Structure formats: C-alpha cells, structure tokens
Amino acid sequence: MVVIGIISIGIVLHLLGNSKRLVFTNADQVIERWLREHPETLVERVEISDTGHQAIVKSNAGIGIIWVMGFDTTSRLINLPVQTSIHPSGISIKLADFTAPRIKIDLNSETSRSHWITIFAKKEPSWII
C-alpha cells in the first residue's frame, strides 16, 4: 500500500511538471541562484555550459561552479587549477570536496571543452583572479 502511494505521488508530480530539470538560459538566472548560496560575493562574470546545466562564475571571492540538481542548484567555490578529464558528453572536474568530489560538465563541442579545460587549468588570463 505504501509503495503504491509513493509511486502515485511520483506520477502526479511528474504530470504536473514538477520533475523538469532547470536550465540556465542567461547570466542573470545564474547570478540569482549563485547569490542564494553566496550572498556575500559580487559576481563579475558567468559562462554557461552548452546544455545550460552548469556554469562557471567569477566572483570577488574566486572562481566557482554552479550546477543543476533537478529544479534546484548547488555551487562551490573552487581553487584553481583543478584536475579535468574528458568524458563522452563533455568534461569532468575533480574537486577536493568529499560532498562533491567529481562534477560532470556537459559540453557539446571540442572548442567548448578546450576552453573550459583552459579555465580550470588556470591558463585563461581573463579568468585568473
């Protein structure tokens, strides 16, 4: 009976559109979500991934990454350089954070991948703080 109730709630929520994944469509949307978790920072620059599910943020506190988890977001300030690796749908970064040790970033083109890898390697001058 409990299992049927849980499944029913899941189906109803899905049919009501509550299972849609958030997509970043502009920098203002990223900044708004970033400031929910880091209200003390001033955002200087934002770059959104190809799918709109991740973004890099440059703030006065440093470089950070924000990513979508369902219809919510989470973010981390990161210390560059970070280790990157290529995977079929983009790249992944390895963080020294046990709550988010690896983050996959969806990047469709080789140009996007190499650009983001350059940022994470701390070799892109406009992203160095």
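The values are calculated or read from the model by the stated rules, or taken from the named source; none is laboratory data. All values reported here derive from a predicted model rather than from experimental measurement. Note: ideal-geometry Cβ built from the backbone for every residue, glycine included; neighbour counts use all protein chains shown.
Here are some notes:
- Only residues that are within 22 Å of Ile128 (Cβ to Cβ) and in a loop (DSSP other than H, G, I, E, B) were counted across segment 38-66, and they come to 7.
- From the list Ser49, Ser89, the one residue that fits, being crowded, with 20+ Cβ neighbours inside 10 Å, hydroxyl-bearing (Ser, Thr, Tyr) and either closer than 18 Å to Asn26 by Cα or out of contact with any His (no Cβ under 7 Å at 6 or more places or on another chain) (or both), is Ser49.
- Residue, surrounded by the most Cβ atoms within 10 Å (Cβ to Cβ), within segment 101-129, restricted to residues that are among the small types (Gly, Ala, Ser) and over 20 Å from Ser59 (Cα atoms): Ser112
- In segment 28-55, the residues that are within 17 Å of Arg113 (Cα to Cα) and either touching a helix residue (DSSP H, G or I) at 6+ places or on another chain (Cβ under 6 Å) or not β-branched (Val, Ile, Thr) (or both): Val46, Glu47, Ser49, Asp50, Gly52, His53, Gln54, Ala55
- Any hit, segment 70-87, residues being small (Gly, Ala, Ser), modelled with pLDDT of 90 or more and under 15 Å from the mean Cα position of the chain (by Cα): yes
- Subset tally (residues that are in a strand (DSSP E or B) and on the phi > 0 side of the Ramachandran plot) for segment 67-94: 1
- Arg33 falls short on exactly one of the conditions (1) free of Cβ contacts under 8 Å to residues at least 40 places away in the same chain; (2) within 23 Å of Ile129 (Cβ to Cβ), and that condition is (1).
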